[in-house]
Amino acid sequence: MRRKITLTVLILITFLLQTTVFQSLEIASVTPNLLLILTTAFGFMRGKKEGLWVGFFCGLSIDLFYGNLFGFYGLLYMYVGYMNGFFCKVFYDEDIKVPMVLVAVSDLAYNFVVYVLQFLLRVRLSFFDYLEHIILPEMVYTMVISIVFYRILFLINRKLTENEMEGQQSPWLRR
C-alpha cells in the first residue's frame with residue numbers, strides 16, 4: 001500500500017515539475033520529459049508490470065490535461081514502461097549507464113511514434129527538421145536530467161523495497 005501511495009505522489013510531483021518548473025527551463029524550445037524518465041526508471045528497476053502501470057498513469061495524466069486524443073499518451077507510456085521492464089534482469093544498484101541508455105532509446109522511440117502518429121499522418125513530411133529541432137535536443141536534455149532524477153528515484157525505490165522486506169518478515173523474527 002505504501003508503494004502505491006508513493007508512486008501516486010511521485011507521478012503527481014513529476015507531472016507538476018514537468019508542466020510548471022521545467023517549462024521555464026526550456027532550452028532550444030524543448031523541455032526534458034520527466035514522466036518518461038519516471039516510467040523508464042520504474043520499468044527498469046521493478047519490472048514489466050510496474051513499468052506498465054506507472055507508464056499508464058503518467059500517460060493518463062498527460063492525456064487528461066493536454067491530450068487531443070484521450071488514451072494516446074497513456075498507451076504510449078504504458079508500452080515504454082513495459083518494454084523497459086524487460087531489462088529488469090540487468091539491473092545493478094549503482095550503475096547509471098544502462099538507465100541513461102534506456103532513457104535515450106525510450107525518448108527516441110517515444111518521439112518517433114509521436115511524429116508518425118501525430119504529424120506524418122497529417123502529411124507533415126518534415127521529419128529531418130523534427131528530428132533536428134525536437135527529437136535530438138529533447139533526447140539529450142532528458143538524458144542529462146536523468147542523471148540526477150534517476151538517482152533520486154533509485155533511492156526512493158531502495159527505501160520502498162527495504163520497507164517491504166521488513167514487512168514480510170514474520171513477527172517472530174522482528175526485534
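The values are calculated or read from the model by the stated rules, or taken from the named source; none is laboratory data. Model, not experiment: these values are computed from the prediction. Cβ placement follows ideal geometry from the backbone for every residue including glycine, while neighbour counts extend to all protein chains displayed. For accessibility, only protein heavy atoms count, side chains too; no ligands or nucleic acids. Shrake-Rupley method; radii C 1.70, N 1.55, O 1.52, S 1.80 Å.
Within region 89-170, the trypsin sites (Lys or Arg not before Pro) that combine a DSSP coil assignment with at most 13 other C-beta atoms in a 10 angstrom radius are R124. Once the Kirkwood radius over Cα pairs is known for region 95-175, the Stokes-Einstein relation at 10 °C and 1.306 mPa s delivers a diffusion coefficient of 102 µm²/s. Which is the longest stretch in the chain that no exposed loop site breaks, taking sites as chymotrypsin sites (Phe, Trp or Tyr not before Pro) with a DSSP loop state and at most 10 other Cβ atoms within 10 Å? Excluding the exposed sites themselves, the longest stretch runs over 93-171. Surface composition of the chain: carbon and sulfur atoms hold 69% of the protein heavy-atom accessible area at a 1.4 Å probe.
Normalised by the residues of the chain, what does the relative contact order come to in percent, with Cα pairs under 8 Å and at least six apart?
So the answer I get is 24 percent.
Computed over the chain, the per-residue total of -39500 (n - 2.57) for DSSP H runs of n ≥ 4 gives a 222 nm mean residue ellipticity of -22000 deg cm²/dmol, rounded to 500.
Spacing of the modelled spin labels on T8 and F86, each 7 Å from Cα toward Cβ, amounts to 3.2 nm. Computed on region 72-175, with alpha-carbon pairs under 8 angstrom and 6+ residues apart, the relative contact order is 31 percent. What's the Kirkwood radius of region 1-139 in Å, using all Cα pairs? In region 1-139 this quantity evaluates to 15.4 Å. Each principal axis of the Cα cloud of region 1-72 was taken in turn, and the coordinate range along them, longest first, works out to 37, 25, 19 Å. If only the Cβ of Lys and Arg carry +1 and only the Cβ of Asp and Glu carry -1, the dipole of region 22-175 around its Cα centre is close to 440 debye. Cross-link reach is defined here as a Cα-Cα straight distance under 21 Å, omitting same-chain residues fewer than 8 places apart; for K89 the lysines meeting it are K48, K49, K97, K159. Compared with the rule-of-thumb size 2.2 N^0.38 Å for a compact globular protein, region 55-133 has a Cα radius of gyration ratio of 1.26.
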